[in-house]
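Here's the structure we're looking at; comments come further down.
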Amino acid sequence: MRADYHLHPNLLRKHPTRRLRKIWEAIAASNLDAVICAEHAFKDAPLAYRRLCAARPETATTHVFPGAELVATAGSRGIDVIAFGEEDWYDRHPRLLEPYGMPLAEMLAYLDASSDLRYFIPHPTLLGTPLLKLHPHPEEMRAFLARVPAFEAFNGSPLLLEHLCMLPGIRLPFGRFGRACRRGARLPLELFGRDTHRFFAVGSDAHHPSEIGFGVEIPGGPARGRADTFRRLVTNRDITTLYFPRFNALIPRLLMTAATTLREALTRTFLPLPSSASVQHEHVQARRVLAE
């Protein structure tokens, strides 16, 4: 069973019919059996999932599960958490979808207590992410990840840039940066106790149809329906077999990805932030939770 735990429809238009068709074509071409639609909470995750389901071709066999990349507060930073469920859950948990609406510790406690949701920490060591800035030392990051049920062991967003940096002629000046991208995207699982986590996520972090294709093979053969597919997603800890997309049209795709990254960074920058007193309180709370 082939799965992608982290896909963004990134529907920028009011009537994205053509884009939705391309997404489904890319999902089919990648032979994905399961996809978590993890649109950013600040980009209307419920609408993205519902539109993706409404555009599902009659011949499609892929199970798409509703998710969202949430933004919690920890100190002065917005920390990402991907929550997902087997069925449409958004209307039952509206507060989760409010960017900076919950402190990180409170959000994780809420999700732990939820009977219909699962969650994982996406791209925990990816270069430049707020979580890595909050916990820059490996021991701190290890302690934090030991407290969550799951995290993204491999994030596909830097694959294209890494591939470009390692090409002959480019490797000499940029090879070190390419290797840094690789280390940030792939967590060495030997550093983390496998018995402390319920599952490991592997996600493409695709924002465009051309980026779809990265995924993980979950052993056990074909899934037996939607419920069995979901069960295997939230229990799998085997990530030895990975599938990679094609690395073509490097420069145009990098420019497209850079534009999307910049647009999302600006959006996050201008989102309403908590007050300074709240920020200081949550920073202290985050450190206290980590130390417990």
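Listed by first and then second residue, the pairs linking a residue in region 43-66 that is loosely packed, with under 13 Cβ neighbours inside 10 Å to a residue that is at pLDDT below 95 and of a type in the set (F, W, Y), with Cβ atoms under 8 Å apart and 6 or more places separating them unless they lie on different chains, form an empty list. For region 54-81, a tally of residues being within 15 Å of the chain's Cα centre (by Cα) and not aromatic (F, W, Y) returns 12. The lone criterion from (1) within 14 Å of the chain's Cα centre (by Cα); (2) within 17 Å of L7 (Cα to Cα) left unmet by T125 is number (2). Restricting attention to region 64-97, the residues being part of a helix (DSSP H, G or I), closer than 21 Å to V234 by Cα and either among the β-branched types (V, I, T) or touching a helix residue (DSSP H, G or I) at 6+ places or on another chain (Cβ under 9 Å) (or both) number 2.
For D4, the test of being under 17 Å from the mean Cα position of the chain (by Cα) and under 20 Å from G213 (Cα atoms) is passed.
Scan region 214-228 for residues that are farther than 19 Å from H197 by Cα and touching a residue at least 24 places away in the same chain (Cβ under 8 Å) and the total you get is 8. Taking the condition surrounded by 13 or more Cβ atoms within 10 Å (Cβ to Cβ), in contact with a Lys or Arg (Cβ under 7 Å, 6 or more places away or on another chain) and in a loop (DSSP other than H, G, I, E, B), does L20 pass? Judged against the criteria, L20 is not a match.
Among the residues making up region 112-133, those that are surrounded by fewer than 21 Cβ atoms within 10 Å (Cβ to Cβ) and of a type in the set (D, E, K, R) are D112, D116, K133. Being at pLDDT below 95 and not aliphatic (A, V, I, L, M) is a property that R2 lacks. Under the condition of being assigned to a helix (DSSP H, G or I) and either touching an Asp or Glu at 6+ places or on another chain (Cβ under 9 Å) or among the basic types (K, R) (or both), the residues counted in region 234-255 number 1. Condition check: part of a helix (DSSP H, G or I), more than 16 Å from the chain's Cα centre (by Cα) and modelled with pLDDT of 95 or more. Does R51 satisfy that? So R51 fits the description; yes.
Within region 14-34, residues that are closer than 17 Å to D4 by Cβ reach partners that are assigned to a helix (DSSP H, G or I) with beta carbons closer than 6 Å, at six or more positions or on different chains, in the pairs K22/P209; I23/P209; A26/P209; A34/T229; A34/L233.
The values are calculated or read from the model by the stated rules, or taken from the named source; none is laboratory data. Everything quoted here is computed from the prediction, not taken from an experiment. Please note: Cβ atoms are built from the backbone with ideal geometry, for glycine as well, and neighbour counts cover all protein chains shown.
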